[in-house]
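Laboratory data are not the source of any read-out in this text; all were calculated from the coordinates shown. Since this is a predicted model, take the numbers as computed values, not measurements. Methodologically, a virtual Cβ is constructed for each residue, glycine included, from the backbone with ideal geometry; neighbour enumeration extends over all protein chains shown.
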């Protein structure tokens, strides 16, 4: 069974601080996705990383896929209250085609205080 | 209307009731999914449909019965549920190609009393 472990589970910071969220597994994933979920809404895709060592940037968010494709990190620079939400990493289930059938981490709840 | 729409947004039902959750996608996707989101547990895949055909049942109890009449609509029929089935039920859709992201609806918050 593939598992994705996210840390920390909860993060409460002040506006302007930097933070990093980690997503780790003992299994190799062909790709990993990061989603953000706001209260009362479904998760929304932020990024997909597919190559070991890959780094992707989305404004103040930087995503990295580990060289061995077993882990990923999300770094936010100068966090803003609008970054508040639940951050989820997800990877395709082993076997079969790599779409939609995802294993999710338990999530990191981020709260950014003004 | 665009995206993935789920109704109702909230549902309270007794253990002996029968109810249905509805999902509709306007994205032209060919795959649809039901995921369950419980407190303190990761999102769990329940069912997958590709081109209206069920391709995965992730060991879900028979009190949950999915239906996919066409590639735009997905239902989850509920009967004789247990209190531990209370959760947020999320519908999603995607294209059927590698790395295709999931597009989620806003979910149905189900409470079983």
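Fewest Cβ neighbours within 10 Å first, please rank B:63, A:69, B:9 accordingly.
Details: B:63 14, A:69 21, B:9 11.
Going from sparsest to densest Cβ surroundings: B:9, B:63, A:69.
With a 10 Å Cβ neighbour count serving as the proxy for reagent exposure, in which order, fewest first, do B:32, B:46 appear?
Values: B:32 27, B:46 20.
Listed from fewest to most nearby Cβ atoms, that is B:46, B:32.
Alpha carbon centre of the stretch B:1-20 versus the stretch A:15-61: separation in Å?
30
Starting with the fewest neighbours, write out B:68, A:89 ranked by other beta-carbon atoms found within 10 Å of each beta-carbon. Let's see the in-between values first.
Details: B:68 20, A:89 32.
By the 10 Å Cβ count, ascending, the order reads B:68, A:89.
When chain A is treated as a GNM, springs tying every alpha-carbon pair under 10 Å, which of A:37, A:14, A:64 comes out with the largest mean-square fluctuation?
Looking only at A:37, A:14, A:64, the largest GNM fluctuation is found for A:14.
Taking the convex hull of the Cα atoms, report for the stretch B:1-109 its projected area averaged over all directions, in nm². The partial results should precede the final answer.
Working: hull surface 26.8 nm².
Mean projected area for the stretch B:1-109: 6.7 nm², to one decimal.
Quick one: what Rg and Dmax do you get for the stretch A:34-114 from the alpha carbons, in Å?
Looking at the stretch A:34-114, its Cα Rg and Dmax stand at 13.3, 45 Å.
Take the Cα atoms of the stretch A:11-73, find their three principal axes, and give me the spread along each one in whole Å, biggest first.
In descending order, the Cα extents are 33, 26, 22 Å.
Percent of alpha carbon pairs in the protein assembly as shown separated by more than 24 Å? Write out the running numbers ahead of the final one.
Numbers: 11423 of 25651 pairs.
So the pairs more than 24 Å apart make up 45 percent of the total in the protein assembly as shown.
Can you tell me the alpha carbon radius of gyration of the stretch B:61-112 divided by the globular rule-of-thumb value 2.2 N^0.38 Å?
On the way: Rg = 13.1 Å, N = 52, 2.2 N^0.38 = 9.9 Å.
Cα Rg divided by the expected 2.2 N^0.38 Å: 1.33.
Quick one: among A:91, A:16, A:66, which has the greatest mean-square fluctuation in a GNM of chain A with alpha-carbon springs under 10 angstrom?
A:16
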